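Worksheet: the structure to be examined is printed underneath.
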Amino acid sequence: MNIETINASIQTQRNILLNHSLYKKVNHIDDLHRFLESHVYAVWDFMSLLKALQSKLTCTTTPWLPIGNPEIRYLINEIVLAEETDLTLEGKRLSHYEMYIDAMKDCGADTSEIERFLQHVIETQNIFVSIKQSDLHPNIKAFLDFTFRVIDEGKPHEIAAAFTFGREDLIPSMFTEILRNFEANFPETDLRKLIYYFERHIELDADEHGPMAMQMIFELCGDDQNKWKEAENVSVQALEKRIGLWDAIEEKINIEMAEF
């Protein structure tokens, strides 16, 4: 088993995501807001997967020790550098989550729900309690719960699989096209930061982070067929949870459409 085998195993889920009916429902600025207000949870928990990998694969405590494989340390630290402190459109340093929040505010989307959720996470000091007690859609809860179960219980190669294969790499391209259509149809809405976020995501994934993440999987699984199988299982589940997230967003948009 290898990376090609995993890609073959997740092809069905990828096809569902790439052809999901949600994309055709994002036709009005309110639809875009609903999308962003739910998708932001995936942007945020991606950062948590990233930091979990850094914690497990490098030394993040003192006294420092040369933990793990130096090649893997390099790969994860390079990804963290860009994801946690990338350059914004204005040339400032922000994490991709902060860039996304900034872009949401600029185009009029509501960030209060995610901000309340993160405040609750700080207060409870227990992500699972915060997920359970939130008013989020059940599919979003399931999406987050899966991510943090993998982080909490998973082995490094399983976390890496959720990070690498559980995050689609073609969808940002689709949404860049959707956003450009919005620019033409809703010129009064400032989408520059949002378009920059998605374009930056595409650039990093294609040129740097995608190949680095694949190399990390290869290094972590090596010749261990059990690890490859576990990575495959997590990858399939992660994409199924993403499909559930897309279903939840589409449901929200449909409900709003029915009300008008």
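Please treat every number below as a calculation from the coordinates, not as lab data. It should be emphasised that the depicted structure is a prediction, and the values quoted were computed from it without experimental measurement. Positions of Cβ are generated from backbone atoms using ideal geometry, with glycine treated the same way; all protein chains shown enter the neighbour counts.
Details
- Remark: the Ile255-Glu115 segment gains 48.0 nm on full extension, using 0.36 nm per residue and subtracting the alpha carbon distance.
- Over the stretch 1-89, the ratio between the Cα radius of gyration and 2.2 N^0.38 Å evaluates to 1.51.
- Local electrostatic count, Lys132, Cβ distance below 12 Å [Lys/Arg +1, Asp/Glu -1]: -1
- Percent RCO, i.e. relative contact order, over the stretch 132-260, from Cα pairs under 8 Å lying at least 6 residues apart: 44
- Spacing of the two label points (7 Å from each Cα toward its C-beta) at Gln133 and Lys105, in nm: 2.6
- Each eigenvalue of the Cα gyration tensor of the stretch 153-260, multiplied by 5 and square-rooted, gives one semi-axis; in descending order these are 34, 19, 8 Å.
- Sites Glu188 and Asp223, calculated FRET efficiency, Cβ-Cβ separation with R0 45 Å, nearest 0.05: 0.20
- Flagged links, alpha-carbon separation over 29 Å, of Lys92/Lys252; Lys92/Lys227; Lys51/Lys92; Lys24/Lys132; Lys56/Lys132; Lys24/Lys92: Lys92/Lys252; Lys92/Lys227; Lys24/Lys132; Lys24/Lys92
- D_trans [Stokes-Einstein, Kirkwood Rh over alpha-carbon pairs] for the stretch 63-141, 25 °C, 0.890 mPa s, µm² s⁻¹: 158
- Length added when fully stretched, Thr5-Arg149, from 0.36 nm per residue minus Cα-Cα: 49.4 nm
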